[in-house]
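Q: Below is the structure I would like to discuss, written out as structure tokens.
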Number of protein chains: 2
Amino acid sequence: MIKHATPDHPVHDLIARRWSPYGFDGRPVAREDVCALFEAARWAASSFNEQPWRYIVAVREDAAEFERLLSCLTPGNRSWAGSAPILALGVARLNFARNDAPNAVALHDLGLASGNLSVEATARGLHVHQMRGILPDRARELYGVPAGFDVVTALAIGYAAPAEDLAPPLRERDLAPRSRRPLGESVFSGAWGEAAGVLSSS
Amino acid sequence: MIKHATPDHPVHDLIARRWSPYGFDGRPVAREDVCALFEAARWAASSFNEQPWRYIVAVREDAAEFERLLSCLTPGNRSWAGSAPILALGVARLNFARNDAPNAVALHDLGLASGNLSVEATARGLHVHQMRGILPDRARELYGVPAGFDVVTALAIGYAAPAEDLAPPLRERDLAPRSRRPLGESVFSGAWGEAAGVLSSS
């Protein structure tokens, strides 16, 4: 299933083709693809090259570990994310390793890493659905996540299922068109709220 | 100048080729490229499709606005970032628009958007250097950034200068090889700190 963005300005195919499915088919993901996803995350930019991201990953082939990770999601997310062949938790180190000072962009830079992961996934025909609906305290306890690290997101990764194979309400969710605010409401110049002139047609 | 990552697992060219230069050459960026960068950011994923990102952008052709935005960077960043033809501030809305509840992934999702922007930049031969070294209070005052929004990052965008055209210390910085922690120190399975088995060669 292909669910393109409908951009007002042409963007690269790897940006336009990315979306977050609720339905995954059962196909496993090859080991080299899994490696590439996290390798892509590894090469993201970060403040002072801190690389504040950590991931905890479980593949469905390891049923016990997979169930354990799935149990760290909210019930609503557990109901669909279990169909994905790979689950991961995204974790951020809140202070810099070099001097223990607070890293104000720790979560931001985890986002850069997970964004890279999503681009690599798209390039390999895979999809990623990120979630905030997680049980961070449960994850901390189950995996022994130390103080100074926050469990921030979960990621369901795999091949998107054809929407027609899904039951409602997932089917409707995956068939819904993608939508975004107009660009001029997000990109300003000169003063807050003033649409950037460089983006308007001359 | 091309400064590839040295990945342990093959990753897409748009991931491997991205890096953050200190030296930019003076070439302006075409309007359609600027549009594409922010359009790519627009199509990032976000929690509840909140799209918490906002950007304030200035192009060098508009000298007064460019200087104003440049003045929101720390002196250290101001010294090199002024050579870029485009500067931007990355801003995050901290609460959800729909119910005013705190958005725990506001900064994370700004990272996803700026990551998309960087991928689009790479695809167009451009480079992005993101910074945390900014003066958020000054930016808030100059642009009238309202309460509930945080100025998080700055982005310098343009064509990377050949390192040999740069004076020290920028030259040395841009010639330094890229480095990252080994993957097994960031991606765990089963317990915190245990390198994920799926990533090791079988």
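Q: 5 Å is the cut-off here: which amide hydrogens, built 1.01 Å from N in the peptide plane, fall below it relative to A:Phe188, excluding neighbours closer than 5 in sequence?
A: A:Ala196, B:Tyr55, B:Ile56, B:Val57
Q: Under 10 Å from the Cβ of B:Val59, count the other residues' Cβ atoms, weight Lys and Arg +1, Asp and Glu -1, and hand me the total.
A: -1
Q: A further question follows. Run the label-point distances for A:Leu94 please: 7 Å along Cα to Cβ, every other copy, nanometres, shortest first.
A: 1.5
Q: While we're looking at this one, here's another question. DSSP loop GluC sites (Glu not before Pro) in segment B:52-152 with at most 12 other Cβ atoms within 10 Å of their Cβ, which ones?
A: B:Glu61
Q: At 0.36 nm per residue, minus the direct Cα-Cα distance, what do B:Phe48 and B:Ala101 gain on full extension? Give it in nm, one decimal, please.
A: 17.9 nm
Q: Where only protein heavy atoms count, and the probe is 1.4 Å, what is the accessible area per residue for the protein assembly as shown in Å²?
A: 39 Å²
Q: Could you work out what % of the accessible surface of segment A:112-202 is carbon and sulfur, using a 1.4 angstrom probe and leaving DNA, RNA and ligands out of the count?
A: 52 percent
Q: Can you find, among A:Tyr159, B:Ala30, A:Phe38, the residue sitting farthest towards the positive end of the charge dipole of the protein assembly as shown, where Lys and Arg contribute +1 and Asp and Glu -1 at Cβ?
A: About the Cα centre, the residue reaching furthest to the positive side is A:Phe38.
Q: Quickly work out the A:Arg78-to-B:His4 label distance, labels modelled 7 Å from Cα along the C-beta direction, and quote it in nm with one decimal.
A: Result: 4.6 nm between the two label points.
Q: Calculate one ³J(HN,Hα) per residue across segment B:8-20 by plugging θ = phi - 60° into the Karplus curve 6.51 cos²θ - 1.76 cosθ + 1.60, and present them in order as whole Hz with x for glycine and proline.
A: 7, 10, x, 10, 4, 3, 5, 7, 5, 8, 6, 8, 10
Q: If you average the sequence gap of Cα pairs under 8 Å that are 6 or more apart and divide by the length of chain B, what percent do you get for the contact order?
A: 28 percent.
Q: What residues of segment B:1-30 lose no less than 40 Å² of accessible area with every protein chain in place versus their chain by itself (probe 1.4 Å, heavy atoms only)?
A: The answer is B:His9, B:Val11, B:His12, B:Ile15, B:Arg18 - residues whose exposure falls by at least 40 Å² when every protein chain is included.
Q: Between beta-carbons, use under 14 Å as the cut-off and find the net charge around B:His127, counting Lys and Arg +1, Asp and Glu -1. If you can, show how the numbers build up before the last one.
A: Values: positive: B:Lys3, B:Arg17, B:Arg18, B:Arg27, B:Arg124, B:Arg173, B:Arg178; negative: B:Asp25, B:Asp33, B:Glu120, B:Asp174.
Result for the neighbourhood of B:His127: +3.
Q: Give the percent of DSSP beta bridges with both residues in the protein assembly as shown that are antiparallel, rounded to the nearest 5. Walk me through the intermediate numbers first.
A: Numbers: 48 of 52 bridges.
Close to 90 percent.
Q: Any idea of the total accessible area buried by the A-B contact, 1.4 Å probe, rounded to 100 Å²? Numbers along the way, then the final one.
A: Working: alone 11230 and 11230 Å², together 15730 Å².
Buried area (both sides, nearest 100 Å²): 6700 Å².
Q: Just name one of A:Ala92, B:Pro85, A:Val119: the one whose Cα is farthest towards the positive end of the charge dipole of the protein assembly as shown (beta-carbon charges, Lys/Arg +1, Asp/Glu -1).
A: Checked the options; the winner is A:Ala92.
Q: Moving on. Under the rule of at least 5 residues apart or a separate chain, name every residue whose amide H is placed under 5 Å from the amide H of B:Thr74.
A: Those lying under 5 Å, H to H, from B:Thr74 are B:Ile134, B:Leu135.
Q: Treating only the Cβ atoms of Lys and Arg (+1) and Asp and Glu (-1) as charged, compute the dipole magnitude of chain B about its Cα centre; round to the nearest 20 debye.
A: Values: 21 positive and 23 negative charges, 27 e Å.
I would put it at about 120 debye.
Q: Please give the residues from segment A:41-71 for which the solvent-accessible area of heavy atoms, probe 1.4 Å, is smaller by at least 30 Å² with all protein chains in place than with the chain isolated.
A: A:Arg42, A:Trp43, A:Ala45, A:Asn49, A:Gln51, A:Arg54, A:Tyr55, A:Ile56, A:Val57
Q: Using a loss threshold of 40 Å², tell me which positions in segment A:159-202 are less accessible in the complex than in their chain alone. Probe radius 1.4 Å, ligands and nucleic acids ignored.
A: Correct list: A:Arg180, A:Arg181, A:Leu183, A:Ser186, A:Val187, A:Phe188, A:Gly190, A:Trp192, A:Val198, A:Leu199.
Q: Kindly give the distances from B:Ala176 to its copy-mates, label point to label point, with each label point 7 Å from Cα along Cα→Cβ, as nm values to one decimal ordered shortest first.
A: Nearest first, the other copies' label points are 4.5 nm away.
Q: What net charge is computed for the residues neighbouring B:Cys72, neighbours being all others with C-beta under 11 Å from the C-beta of B:Cys72, Lys and Arg scored +1, Asp and Glu -1? Don't jump to the answer; show the numbers that get you there.
A: Working: positive: B:Arg68, B:Arg78, B:Arg138, B:Arg140; negative: B:Glu67, B:Asp137, B:Glu141.
Every neighbour counted, the sum reads +1.
The values are calculated or read from the model by the stated rules, or taken from the named source; none is laboratory data. All figures in this text were calculated on a predicted structure; none of them were measured in a lab. Here the Cβ is made from the backbone with ideal geometry for all residues, glycine too, and neighbour counts use every protein chain on show. In case anyone asks, the SASA skips ligands and DNA or RNA and just uses the protein heavy atoms, side chains included. Shrake-Rupley method; radii C 1.70, N 1.55, O 1.52, S 1.80 Å.
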